[in-house]
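Step one of this worksheet: look at the structure below.
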Amino acid sequence: MTNSKHRGPQGMGFDTLSLHAGQVPDPTTGARATPIYQSAAFVFPDSDVAAGLFNIERAGHVYSRLSNPTNAVLEERMAALDHGVGSVVTASGQAALHLAITTILSAGDHIVSSRSVYGGTHNLLEYTLSRFGISTTFVDPRDMDAFANAIQANTKLVFGEVLGNPGLEVLDIPSLSEVAHAHHLPLLIDATFVTPYLCQPIELGADLVVHSATKFLSGHGVVVGGVVVDGGTFDWQSSDKFPTLSEPYVGFHNLVFADEFGPAAFITRARKEGIRDFGACMAPMTAFQILQGLETLPLRMQKHVANALEVAAYLEQHDMVASVSYPGLPSHPDYELAQKMLPKGCGAVFSFEINGGRDAGRAFIESLNVFSHLANVGDAKSLVIHPASTTHHRVDEASLLASGIGPGLVRLSVGLEDAKDLINDLKGGLRAVEKLHKQAAAQQAENRS
Amino acid sequence: MIIQLDGKNVGFSNGSGHPADNAPAIFFVHGAGMDHTVWVMPARYFARHGYRVMAVDLPGHGKSEGPALDSVDAMADWLGRLIEASAAQASDVTVMGHSMGSLVCMSLAARYPALIDQLVLLGTSAPMPVADVLLNAAEDNDHAAIDMANTWSHGQRSQLGASDNPGTSNLHMGERLLERVADDVYFKDFSACNGFTTEHYDPILAPTLILTGDEDKMTPPRAGMAVAGMLQNSQITHLRGCGHSMLSEQPNQVLDAMSEFIRG
């Protein structure tokens, strides 16, 4: 049904859902905020109800590894915000990615992934999952033909991040969705950098979404968590590629998830197998804190984006800055695509290259006072890291460049402070770089004389 | 699962059950544009309790071959043939229907009373007029038809969330289910509902449970009560705070009502 001549009713808006989805005032106590159900297990009223809960005949909670009432509010809220049929929250973003992959892939299977992904994701795909027989081919995220050409007979998943790392390449989700679906493959998208406020990948053609909730969703750098959202859009029985969903599962009394759960087949198996057996569940206190963050997600993302754009524009015109990679700037190669796909903004994480290499990067970082030097993004506070002197300090220059990381590359996560204070802080850092350049020039002159 | 009827594939779920040949049978019939998966929880419950469960896809829906049928009576004729073919040895037969499926059950009970022993009708109304605005959008295969039906089918609580099923968005589940249906099927279903009449039916004598939701905008409680008044042997359960999508909105309350009625 693709026509749009008639008008249908509009559902609740994004801001309303950010505050309310998944929760009504507690019917017992009247509590308006989501209660923290700090309980490992839940009492069965009788044996038949217990059996029914285990057999997925009844709705409810058994044990907090499988589900928990506080976590369920966050799960339903994320499903509502991302337009999915359901979600499962996990102990971290990495756990969410692992859960998404292992719900449908087994030893011998293959993934085609963008090569511009978070370093931890690259480790998981390249090194760790390969130990368990799941291999990955990495391709240029801007090259749709490369994705198509990398698909093999055993490929089961296409994966990418909305905004690539570290170059902030904008993934053309509608086009990649066409490539994946033409090969009867689902498209999994990591939307951590954008959140559903800036981009809803399922609406653009993705089938599954993962987030690190540690970042902008919770928004305050106080928790670690993840979420997998199932769009309910993919037909797992359109081929024989997905036996975990289309064939009887001995581990659940020969249940065929796609037969019985239809659009919710994936997310049901993720909960009934992946969370049950791998056990990377979220603590209810964590879910509560992420829910507090979600309540202000729209307001925070607006300020994050506005600040990021102002800071990026400032850096771009500075003499000590060789380049800025932010798709919100017309200089970025994906600016036009970003305008279409991310009309509300391109997030608040970006990188830029300082003139002067590793020493300049180090001098810059160590001169900052408002930006915090640490390995995270998506905090309300502004963050900064210089990969060449920290996460990649053992890597030689040639290898760094091969990864798209210049020796003077600095990554910023722009927070919610006053933009003028952030710019003043960066000015101080760039003055330190200028000083370094002058010292080097003086030294060179002295050496010549 | 797939079986053959009239030389065509019929999709259904047995709720993962392994019943005896003479086990009591329950047939579940979905509503307009839906498929058998809406019954997953009661299907699994009754299968575990020894019933022969068939949650069916009506022709043209889910995994059942089309074409979709034009009238409620045609759907009931088809269901009757399916019952004869697959539950001949059953000790007794219950049919449960939601919305359009409830009309199919009524038609079957009125015209083939020997085939069934009990009825359960969820979100029912007789007649079941469909608003022109919805019918017209469905005729044009316009997504607005899904938006209208899906929004109006959920009570206030489901609009905000707070699903009993952990981590599930009932609204988006409803939308995805309806998006799976082929072009023209939704219009055929709504037309069948719109044309439904009980004028030519014999009185329905089978014991019947009717479930109504007090926030049901598609088949308001008064419509369900009117159906109860038409039947010779009925009882009614009102679900508070529940809309038309009662199987997802209040799965436990629905299951309890069904179980009490069927198992006593």
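Considering (1) under 30 Å from residue B:67 (Cα atoms); (2) modelled with pLDDT under 95, the lone condition that residue B:188 does not fulfil carries the number (2). When residue A:114 is tested against the conditions (1) modelled with pLDDT under 95; (2) crowded, with 23+ Cβ neighbours inside 10 Å; (3) of a type outside the set (Val, Ile, Thr), the lone failure is (1).
Report whether or not residue A:370 is modelled with pLDDT of 95 or more, β-branched (Val, Ile, Thr) and under 22 Å from the mean Cα position of the chain (by Cα).
In short, no.
For residues that are loosely packed, with under 15 Cβ neighbours inside 10 Å and among the hydrophobic types (A, V, I, L, M, F, W, C), scanning just region A:25-48, find the one that is farthest from residue B:187 (Cα to Cα). Among those residues, the one meeting the criterion is A:40. Scanning region B:112-148 for residues that are within 9 Å of chain A (Cβ to nearest Cβ) and among the small types (Gly, Ala, Ser) turns up B:137, B:138, B:144, B:145. The residues in region B:132-158 that are closer than 12 Å to residue B:243 by Cα and surrounded by fewer than 21 Cβ atoms within 10 Å (Cβ to Cβ) can be counted, and the count is 4.
Against the condition more than 18 Å from residue A:307 (Cα to Cα), out of contact with any Phe, Trp or Tyr (no Cβ under 7 Å at 6 or more places or on another chain) and in a helix (DSSP H, G or I), how does residue A:375 come out, does it pass? It is false that residue A:375 is more than 18 Å from residue A:307 (Cα to Cα), out of contact with any Phe, Trp or Tyr (no Cβ under 7 Å at 6 or more places or on another chain) and in a helix (DSSP H, G or I).
Can you find even one residue in region A:75-94 that is more than 15 Å from the chain's Cα centre (by Cα), assigned to a helix (DSSP H, G or I) and under 19 Å from residue A:40 (Cα atoms)?
Yes, some residue in region A:75-94 is more than 15 Å from the chain's Cα centre (by Cα), assigned to a helix (DSSP H, G or I) and under 19 Å from residue A:40 (Cα atoms).
Scanning region A:1-25 for residues that are more than 10 Å from chain B (Cβ to nearest Cβ) and assigned to a loop (DSSP other than H, G, I, E, B) yields a single hit, A:13. Figure legend. Inter-residue proximity from region A:152-171: first residues not assigned by TED's automatic domain parsing to the domain that holds residue A:136, second residues crowded, with 24+ Cβ neighbours inside 10 Å and of a type in the set (Lys, Arg), beta-carbon distance below 9 Å, spacing 6+ or different chains. No pairs are indicated.
All conditions in (1) within 23 Å of residue A:141 (Cβ to Cβ); (2) more than 14 Å from every other protein chain (Cβ to nearest Cβ); (3) among the hydrophobic types (A, V, I, L, M, F, W, C) hold for residue A:96, with the sole exception of (2). Each residue in region A:222-254 was checked for being surrounded by 21 or more Cβ atoms within 10 Å (Cβ to Cβ) and facing chain B (nearest Cβ under 9 Å), and 3 pass. For residues that are more than 18 Å from residue B:108 (Cβ to Cβ) and either touching a residue at least 40 places away in the same chain (Cβ under 8 Å) or touching a Pro at 6+ places or on another chain (Cβ under 8 Å) (or both), tally how many sit in region B:221-234. Adding up the residues that qualify gives 3.
Among the residues of region B:77-107, the ones that are more than 12 Å from residue B:27 (Cα to Cα) and surrounded by 19 or more Cβ atoms within 10 Å (Cβ to Cβ) come to 6 in all. The residues in region A:2-31 that are under 28 Å from the mean Cα position of the chain (by Cα) and of a type in the set (Val, Ile, Thr) can be counted, and the count is 2.
The values are calculated or read from the model by the stated rules, or taken from the named source; none is laboratory data. Since we're looking at a predicted model, the values are computed, not measured. Positions of Cβ are backbone-derived with ideal geometry, glycine not excepted, and every protein chain shown enters the neighbour counts.
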